[in-house]
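Report on the structure given below.
The values are calculated or read from the model by the stated rules, or taken from the named source; none is laboratory data. Remember, it's a predicted structure, so these values are computed and weren't measured experimentally. Using ideal geometry, Cβ is built from the backbone for each residue, glycine included, and neighbour counts are taken over all protein chains shown.
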Amino acid sequence: MDKRLFGALLLGATMLAGPAFAQENVTITVWSLDDENQPALNLAREFSEMDNGITVEYRQIQFDDVVSESMRAFATGQAPDIIAVDNPEHALFASRGAFLDITDMVAQSEVIDPDNYYPGPLNSVTWDGRLYGVPKATNTIALYYNKDMFEAKGLDPNDPPETWDELVDAARTLNDPAANVYGLAFSAKANEEGTFQFLPWAQMAGGGYDNINTEGAVEALEIWKTIIDEKLASPDTLTRGQWDSTGTFNSGNAAMVISGPWELNRMLEEAKFDWGVALLPVPEEGAPRSSAMGDFNWAIFSTSEHPEEAFQALEYFASQDHRLFPEWGQLPARSDIELPETGEPLKDAALKVFLEQLQYAQPRGPHPEWPKISKAIQDAIQATLTGQMSAQDALDNAQATIDGILG
Amino acid sequence: MDISQTAIADRRREANPISRFLASMRDGRGFDILLVAVPLAFLIALSGLPLVYNVVMSFQQVDMFSLGTFWRPWVGFDNYVAVFSQPETWPILRNTVVFVVASIAGQFLIGFALALFFTMDFPGAGYIRGLFLVSWVMPGLVVGAIFNWILAGDFGVLNYVLKSIGLISENIFWRSDIAFSLWAVIIANVWLGTAFNMILLAVGLASIPKDLYEAAALDGANAWQRFWTITLPMMRATIGAVVSLGLIFTLQQFDLFASITSGGPNNSSNVAQYWAWELSFRQYDFARGATISTVMILVVMIAATIYVRSTRHEVRG
């Protein structure tokens, strides 16, 4: 039978049958930044098409608009039922009662078990000991390096730098201005990306967002300054995000880059050389590891009229976590899921490193005024790297601002 | 006979208020008021109210969860005190002044030079002048993206050109060097605004009567003297208008900052208008964002007053 005719008949049948279960049918809205190549849109569609009397209306929002759009919607009573929010901004909503406390629902749930999640992502959905969401996926950063360049400069491609000093030394060796090659690429941009890249360094050296002017954090920032001053990384590091910085690595204009697993698919396509991934170098041998923790969380707005149905949707999303990596290249925030081999040796090797790095990932915050804390850290990074302040003074300033926010 | 008939009609109108009203709507004062009232209502609804709302917000304590309500805690001048005690405030205001003055100077001088150039009637002058308008038609974000490539530190065209002609020996990091970042945006903005200046100034030049120049030439005035004694004085009103409009457009310039430097590094290319947006929509500090906008409204109002005064001559003339 002609497909279109069949569709028309089906439509007619539904319209006839419609009124019978119109009363049970519930519509929930989901807002997320995912497009058709990413999980949320697909999972929402699948859930909507299931025969459970719940229809999902999906709206895609831009990364930059997630917080402002949803705030406006919440303030005017138009908030969606479910939203995917960037993890450092979760506390902002949870602390103000904008998100639903789902602790009891999770306790009853057969599907969602908090013990299965990595501590970092789980921490980011927690406020005051209660759960206000479910981690959607997770990511972290590590060190990518160009094995061919290591070899060409007499470095061992199977022994990537493990400490900060080794990293700087390797960058000096690999740096080759005549060939338009920088030793290292990273991002010190004055937005969340700069904070995201710097915090792991501070944390490895005993600092943290609430303790940013410790000796170790100052030393970390001084090393960043050395890297910029000696032009071991492009001066544009100050204004370039992670995606563009990694682009210079892929084109062979940087020998190493600090970035996350979201680069893997593009790197496989673009990089015409042998590369590997190593854990982020630590201050000195034996020092504690740390890394940044990125990606989004699911949450239900406290204004939702259908919290039960919305939670069912979250349960469905969580039940499909095993598909995140094979289908969409994202890492599930759970330790109980074995990620299958992709058949791409470079990607599989990289994945192992990222999964290990994930063990050390720490959330930013959680704190309801995270954007202001992050801004103080960005200002310190930029003031130091542009030479307008010493690392110590800049981080002292940041600490004073952060103390004011933490109260 | 004509006169007496009109007089009768007038008396009849006075007798009937409704027909008097209708008549005045057709060609009397009522029609004038209607003509003014419609655009005025439009302006009040779409410009006036948001403006007042913005000013009110700058005196309130606002956070994202009180965005939807109008009645928020009143804090007087607290936001103003807070803004002006931030260490970055004065550098950013200084940047704003540098940006405005340098952009207007660049746009005006190059625009004036081009306008004078195109008054020399050479073949194709009209077409080429039209082509210059392309820069004015381009959206700021597109211009910003193109200038990003031109100004890129490692692979930029501008660095390549400057190096090739021997002006510089090392790459200039236009976007990341605090000594150049503001100038990177100024260069892009001058390019964007020059054509607009040129067209307005060309119109002004065309309206100067040719016989003035002929008379001056007969009296033995050279080109330079004619420029100083005829062109400039006759262009006074146009120049005033162009500069005031330039001030308003430059203070509005946002796209180029967003796409070229994002105000960085370390606020070295940050200006008031971009900062207001950053505070409101990056740090969600709507009250401070509104405070800066209010300060800018004052500046723009001063510019608008100058603009209106300079165009008054045209109306009377």
Residue, surrounded by the fewest Cβ atoms within 10 Å (Cβ to Cβ), within the stretch A:232-242, restricted to residues that are more than 10 Å from A:Tyr182 (Cα to Cα) and touching a residue at least 12 places away in the same chain (Cβ under 8 Å): A:Gly241
Among the residues of the stretch B:266-282, write down those that are outside any helix (DSSP H, G or I) and more than 14 Å from chain A (Cβ to nearest Cβ). B:Val271
Are there any helices (runs of 4 or more DSSP H) wholly within the stretch A:140-210 with 2 or more residues that are within 14 Å of chain B (Cβ to nearest Cβ) and surrounded by fewer than 23 Cβ atoms within 10 Å (Cβ to Cβ), and if so which? A:192-204
Pairs please, first residue from the stretch B:158-182 and more than 10 Å from every other protein chain (Cβ to nearest Cβ), second anywhere and surrounded by fewer than 19 Cβ atoms within 10 Å (Cβ to Cβ) and at pLDDT below 90, Cβ atoms under 6 Å, 6+ apart in sequence or on different chains. B:Leu162/B:Ile168
Yes or no: B:Ile172 under 26 Å from A:Ile381 (Cβ atoms) and either of a type in the set (Ser, Thr, Tyr) or in the same structural domain as B:Phe257 (by TED's automatic domain parsing) (or both)? yes
Kindly indicate the residue of the stretch A:28-48 that is within 30 Å of B:Met64 (Cα to Cα) and free of Cβ contacts under 8 Å to residues at least 60 places away in the same chain and also farthest from the chain's Cα centre (by Cα) among those meeting that condition. A:Thr29
Which members of the stretch A:280-334 meet the condition of being small (Gly, Ala, Ser) and within 21 Å of A:Ile82 (Cα to Cα)? A:Gly294, A:Ala299, A:Ser302, A:Ser304, A:Ala310, A:Ala313, A:Ala318, A:Ser319, A:Ala333
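Check whether at least one residue in the stretch B:197-212 is assigned to a helix (DSSP H, G or I), of a type in the set (Lys, Arg) and within 14 Å of another protein chain (Cβ to nearest Cβ), and report yes or no.
Our first condition is that a residue be assigned to a helix (DSSP H, G or I); within the stretch B:197-212, this holds for B:197-206, B:210-212.
With of a type in the set (Lys, Arg) added as a condition, the list becomes B:210.
The next check asks that each one be within 14 Å of another protein chain (Cβ to nearest Cβ); those that pass are none.
No: zero hits.
Give me a count of the residues in the stretch B:125-144 that are within 14 Å of another protein chain (Cβ to nearest Cβ) and either among the β-branched types (Val, Ile, Thr) or surrounded by 15 or more Cβ atoms within 10 Å (Cβ to Cβ) (or both).
We begin by selecting, within the stretch B:125-144, every residue within 14 Å of another protein chain (Cβ to nearest Cβ); these are B:141, B:144.
Keeping just the survivors that are either among the β-branched types (Val, Ile, Thr) or surrounded by 15 or more Cβ atoms within 10 Å (Cβ to Cβ) (or both) gives B:144.
Number satisfying all stated conditions: 1.
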Which one of the conditions (1) modelled with pLDDT under 90; (2) assigned to a helix (DSSP H, G or I); (3) surrounded by fewer than 20 Cβ atoms within 10 Å (Cβ to Cβ) does A:Gly77 fail to meet, given that it meets all the rest? (2)
Can you find a residue that is touching a Ser or Thr at 6+ places or on another chain (Cβ under 7 Å), in a helix (DSSP H, G or I) and not small (Gly, Ala, Ser) anywhere in the stretch B:169-178? no
Restrict the check to the stretch A:346-366 and report whether at least one residue is within 14 Å of chain B (Cβ to nearest Cβ), touching a Lys or Arg at 6+ places or on another chain (Cβ under 9 Å) and at pLDDT 90 or above. no
Of those in the stretch B:213-237 that are over 23 Å from the mean Cα position of the chain (by Cα) and not in a helix (DSSP H, G or I), the residue surrounded by the most Cβ atoms within 10 Å (Cβ to Cβ) is B:Ala221
Consider only pairs whose beta carbons are under 7 Å apart and that are at least six residues apart or on different chains; among these, list those whose first residue lies in the stretch A:304-322 and is assigned by TED's automatic domain parsing to the domain that holds A:Asp81 and whose second residue is of a type in the set (A, V, I, L, M, F, W, C) and surrounded by fewer than 20 Cβ atoms within 10 Å (Cβ to Cβ). A:His306/A:Val26; A:Glu309/A:Val26; A:Phe311/A:Met105; A:Glu315/A:Val111; A:Ala318/A:Val111; A:Ser319/A:Val111; A:Asp321/A:Ile337; A:His322/A:Ile337
Those residues of the stretch A:384-397 which are within 12 Å of chain B (Cβ to nearest Cβ) and buried (at least 22 other Cβ atoms within 10 Å of the Cβ), in sequence order: A:Thr384, A:Leu385, A:Thr386, A:Ala394
Taking only the stretch A:49-92 into account, find how many residues are more than 18 Å from the chain's Cα centre (by Cα), of a type outside the set (A, V, I, L, M) and within 19 Å of B:Asp285 (Cα to Cα). 6
Only one residue in B:Phe117, B:Phe65 is part of a helix (DSSP H, G or I), exposed (fewer than 15 other Cβ atoms within 10 Å of the Cβ), at negative phi and not aliphatic (A, V, I, L, M), so which one is that? B:Phe117
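Does A:Tyr182 qualify as being of a type in the set (Phe, Trp, Tyr) and within 19 Å of A:Pro363 (Cβ to Cβ)? I'd like the intermediate steps shown before the answer.
Numbers: of a type in the set (Phe, Trp, Tyr): yes; within 19 Å of A:Pro363 (Cβ to Cβ): no.
Judged against the criteria, A:Tyr182 is not a match.
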Residue satisfying all of: in the stretch B:36-78; in contact with an Asp or Glu (Cβ under 9 Å, 6 or more places away or on another chain) and in contact (Cβ under 8 Å) with a residue 40 or more places away in the chain; nearest to the other protein chains (Cβ to nearest Cβ) among these: B:Asp63
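Just to be sure, is B:Leu151 buried (at least 17 other Cβ atoms within 10 Å of the Cβ) and touching a helix residue (DSSP H, G or I) at 6+ places or on another chain (Cβ under 6 Å)?
Working: buried (at least 17 other Cβ atoms within 10 Å of the Cβ): yes; touching a helix residue (DSSP H, G or I) at 6+ places or on another chain (Cβ under 6 Å): yes.
Here the answer is yes, as B:Leu151 does meet what is asked.
Of the residues B:Gly263, B:Gly246, which is within 21 Å of B:Leu182 (Cα to Cα), within 14 Å of chain A (Cβ to nearest Cβ) and small (Gly, Ala, Ser)?
Values: B:Gly246 fails: within 14 Å of chain A (Cβ to nearest Cβ).
Exactly one residue qualifies, and that residue is B:Gly263.
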